[in-house]
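Novice: Sharing a structure below in structure tokens format, with a few things to ask.
The values are calculated or read from the model by the stated rules, or taken from the named source; none is laboratory data. Here the structure is a predicted model, which means the values were calculated and not measured. Note that we place each Cβ from the backbone using ideal geometry, even for glycine, and neighbour counts take in every protein chain shown. Keep in mind that these areas ignore ligands, DNA and RNA; they rest on the heavy atoms of the full protein, side chains included. Shrake-Rupley method; radii C 1.70, N 1.55, O 1.52, S 1.80 Å.
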Amino acid sequence: MYKKLIPCIYLHKGNAVKSFSDNTIIDTNPVALAKFYSDNHADELIIYDLSEGDAEHEEALDIIKDICAKVDIPVIGAGNVHRMEDIKKLIYAGCKKAALNFTKAGNIEIAEEVSKKFGKDKIVACISDAGEISKNEDIIEEYIKELILVKERGIKDAVSVSRFPMIVSVPEVSLDKIMEMLSKENICGISGYAINENAKELLAIKSLCQTNGIAMNTFEAKIPWEEFKLNADGHVTVVVQDYKTDEVLMVAYMNEEAYNMTIKTGKMTYYSRSRDELWVKGETSGHYQYVKSLIADCDKDTILAKVSQIGAACHTGAHSCFFNEIMRKDYEESNPLRMFEQVFGVIQDRKIHPKDGSYTNYLFDKGIDKILKKLGEEATEIVIAAKNPNPNEIKYEISDFLYHMMVLMVEKGVTWEEITEELARR
């Protein structure tokens with residue numbers, strides 16, 4: 001198993017603030033900050049909910065849910081846990097793990113209940129000192145996956161008494177100190193200010209740790225440059241796709257230096273033939289491409305790069321460089337998600353631009369009760385059709401149901417992207 005670098009977000013009144021005790025706002029968009037940490041190769045993310053009152057807590061849960069949908073790393077949800085229901089809300093929001101605060105007796109009391117309900121692998125415990133480990137060893141052994149030491153002081157004492165895997169929060173320290181801590185067997189990860197402030201350098205930190213014998217989750221090329229078949233100029237063609245949608249964004253070229261730099265930094269780096277120099281995509285525009293995967297074709301003369309694209313891929317400002325249509329033959333779209341998106345788009349347009357005689361607008365005009373009534377009727381029709389040996393009947397009824405379901409989705413402001421992300425999390 002590798003050691004982890006784990007940024008954290010202190011969530012207060014909808015903003016990311018500096019720490020538990022300092023409400024200085026460092027980012028008004030916690031979701032964007034979380035995405036930044038994820039794209040810069042953090043291994044996990046801890047979110048501490050510092051909200052006050054039920055309304056603010058519900059707002060925080062919505063933000064946590066949005067973060068879980070946008071990042072590609074596991075999220076640990078912590079803070080504002082008083083009963084099992086609060087753990088359930090964090091897990092259902094998309095958190096891979098939820099934290100109990102062991103400075104509160106009530107949280108210790110529900111450890112067994114939540115661990116048996118959701119599984120030990122989903123439960124961590126926040127502690128403030130070594131004493132909390134010693135007092136609760138049996139409970140931790142039985143019901144807790146790992147510990148988070150939230151206080152920066154007392155690391156030495158906690159490490160000396162703990163036989164459990166522990167994430168430690170550290171202040172601004174030297175890289176040598178980070179490596180010294182990660183070399184300890186029971187420290188499984190580093191979090192806190194030291195990681196937040198060096199988020200842009202996480203891959204470089206991992207590389208240095210790896211060089212010093214500390215196992216880290218880093219990029220490693222399985223195919224060395226020497227195995228590629230180069231074109232006449234000594235380059236390899238790179239086709240770039242959006243990793244979520246598979247949309248082709250651009251085509252560029254790599255030389256050996258660009259290839260190695262891409263592996264090292266996790267940002268797509270190309271060779272510019274016109275400028276005769278290396279080109280880090282987004283270096284001047286901020287429209288970086290964060291690597292998700294690199295795959296060589298059968299001849300090893302082309303690389304398919306799947307990336308997280310920030311902003312536009314094209315220098316014109318278009319998301320993709322491919323927008324100049326040469327010809328098109330009419331055909332029926334058969335890609336299921338695109339078909340759903342197309343129908344969904346028509347329904348959205350009807351909501352914004354009503355059309356006389358439109359059945360969709362009739363449903364919107366009648367309101368939510370009519371939409372729900374029709375959805376219920378169509379669900380019943382599916383059940384009836386399923387008893388019919390002819391499979392065509394059920395196809396018709398499911399299609400009717402999906403249409404009415406999309407009307408409901410538009411009415412409630414839910415998108416297919418949100419639905420597919422929720423299914424992916426499950």
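Novice: Quick one: net charge around I398, please, counting Lys, Arg +1 and Asp, Glu -1 for every other residue with C-beta under 11 Å from its C-beta. Don't jump to the answer; show the numbers that get you there.
Specialist: On the way: positive: K395; negative: E378, E381, E393, E397, D400.
Taking every Cβ under 11 Å from that of I398, the sum is -4.
Novice: A follow-up question, please. Using 0.36 nm per residue of separation minus the Cα-Cα distance, give me the extension gain between L408 and E226 in nm, one decimal. Can you show the working numbers first?
Specialist: Numbers: separation 182, 0.36 × 182 = 65.52 nm, distance 5.51 nm.
Roughly 60.0 nm would be gained on extension.
Novice: Which value, in Å² and to the nearest 10, is the accessible area of D39 when all protein chains are kept and the probe is 1.4 Å?
Specialist: Number for this one is 10 Å².
Novice: Another question, then. With a cap of 13 neighbouring Cβ atoms within 10 Å, and only residues DSSP puts in a loop, list the trypsin sites (Lys or Arg not before Pro) found in region 247-306. Provide the component values of the computation, followed by the final result.
Specialist: Values: sites: K264, K267, R273, R275, K281, K292, K300, K306; in loops: R273, R275, K281, K300.
When the trypsin sites (Lys or Arg not before Pro) of region 247-306 are filtered for loop state and at most 13 Cβ neighbours within 10 Å, R273, R275, K300 remain.
Novice: If the limit is 28 Å between Cα atoms, which of K13/K292; K70/K206; K97/K292 go over it?
Specialist: Values: K13/K292 32 Å; K70/K206 23 Å; K97/K292 23 Å.
The pairs that break the limit, which is 28 Å between Cα atoms, are K13/K292.
Novice: Where nothing but the Cβ of Lys and Arg (+1) and of Asp and Glu (-1) is charged, how large is the charge dipole of the chain around its Cα centre, in debye to the nearest 20?
Specialist: On the way: 53 positive and 70 negative charges, 52 e Å.
Approximately 240 debye in magnitude.
Novice: Compute the label zone of N23 within region 46-86: residues whose backbone N is under 17 Å from the point 7 Å along Cα-to-Cβ.
Specialist: Of the residues in region 46-86, 48-60, 80 have backbone N under 17 Å from the label point off N23.
Novice: List the residues whose amide H sits under 5 Å from the amide H of L100, counting only those 5 or more places along or on another chain, with H placed 1.01 Å from N in the peptide plane.
Specialist: Here V124, A125, C126 satisfy the definition.
Novice: Identify all aspartates and glutamates with a Cα-Cα distance to K177 below 14 Å; exclude those on the same chain that are fewer than 8 residues away in sequence.
Specialist: E152
Novice: Something else now. Less than 9 Å Cβ to Cβ from L61, Lys/Arg counted +1 and Asp/Glu -1: what total charge do the surrounding residues give? Kindly include the intermediate steps, with their values, before the conclusion.
Specialist: Working: positive: K65, K89; negative: D49, E58, E59, D62.
Net charge around L61: -2.
Novice: Percent relative contact order of region 270-351, based on C-alpha pairs within less than 8 angstrom and at least six residues apart? Walk me through the numbers on the way to the answer.
Specialist: Working: 66 pairs, mean separation 12.4, N = 82.
Taking the mean separation of contacting Cα pairs over the length of region 270-351, I get 15 percent.
Novice: Please list the non-local residues whose amide H lies under 5 Å from the amide H of Q241, H modeled 1.01 Å from N, same-chain partners needing a gap of 5 or more.
Specialist: Long-range HN contacts for Q241: L249, A305, K306, V307.
Novice: Determine the relative contact order of region 166-298: mean sequence separation of Cα pairs under 8 Å and six or more apart, normalised by residue count, in whole percent.
Specialist: It rounds to 14 percent for region 166-298.
Novice: Just to check I understand the Karplus step: with θ = phi - 60° and J = 6.51 cos²θ - 1.76 cosθ + 1.60, what whole-Hz values come out for region 290-305, glycine and proline as x?
Specialist: Coupling constants for region 290-305: 8, 5, 10, 7, 10, 10, 8, 7, 4, 8, 6, 10, 9, 10, 9, 9 Hz.
Novice: Over region 117-205, calculate the relative contact order: mean separation of alpha carbon pairs under 8 Å at least 6 apart, over the residue count, as a percent. Can you show the working numbers first?
Specialist: Numbers: 123 pairs, mean separation 21.2, N = 89.
Relative contact order comes out at 24 percent.
Novice: Hey, which aspartates and glutamates would be in cross-link range of K120, C-alpha to C-alpha under 14 Å, not counting anything within fewer than 8 residues on its own chain?
Specialist: Candidates past the 8-residue exclusion: E112, D138, E141, E142, E146.
Novice: Within the set of other residues whose C-beta is less than 12 Å from the C-beta of V124, count the net charge using Lys and Arg as +1 and Asp and Glu as -1. The partial results should precede the final answer.
Specialist: On the way: positive: K96, K97, K120, K122, K145; negative: E44, D121, E146.
Taking every other residue near V124 into account, the sum is +2.
Novice: Roughly how many debye, to the nearest 20, is the charge dipole of region 206-348 about its Cα centre, given +1 on each Lys and Arg Cβ, -1 on each Asp and Glu Cβ, and no other charges? Provide the component values of the computation, followed by the final result.
Specialist: Values: 15 positive and 20 negative charges, 86 e Å.
Rounded to the nearest 20 debye, it is 420 debye.
Novice: Over the Cα atoms of region 89-164, compute the convex hull volume and normalise it per residue, giving Å³. Could you put the intermediate results ahead of the total?
Specialist: Details: hull volume 6.4 nm³, N = 76.
Hull volume normalised by residue count: 85 Å³.
Novice: Quick check: from the Cα gyration tensor, does region 300-347 come out rounded (a/c under 1.5), prolate or oblate? All intermediate terms of the calculation are to be shown ahead of the outcome.
Specialist: Details: a/c = 1.65, a/b = 1.53, b/c = 1.08.
Note, shape of region 300-347 comes out prolate.
Novice: By how many nm would the segment from V346 to T316 grow when fully extended, if each residue of separation counts as 0.36 nm and the alpha-carbon distance is taken off? Could you put the intermediate results ahead of the total?
Specialist: Values: separation 30, 0.36 × 30 = 10.80 nm, distance 2.81 nm.
So the extension gain works out to 8.0 nm.
Novice: For the chain, what is the percent of antiparallel DSSP beta bridges, rounded to the nearest 5?
Specialist: Around 40 percent of the beta bridges assigned by DSSP in the chain are antiparallel ones.
Novice: Mind listing which trypsin sites (Lys or Arg not before Pro) in region 311-399 are in a DSSP loop and have 13 or fewer other Cβ atoms within 10 Å?
Specialist: Loop-located and lightly packed - R328, K329, K355, K387.
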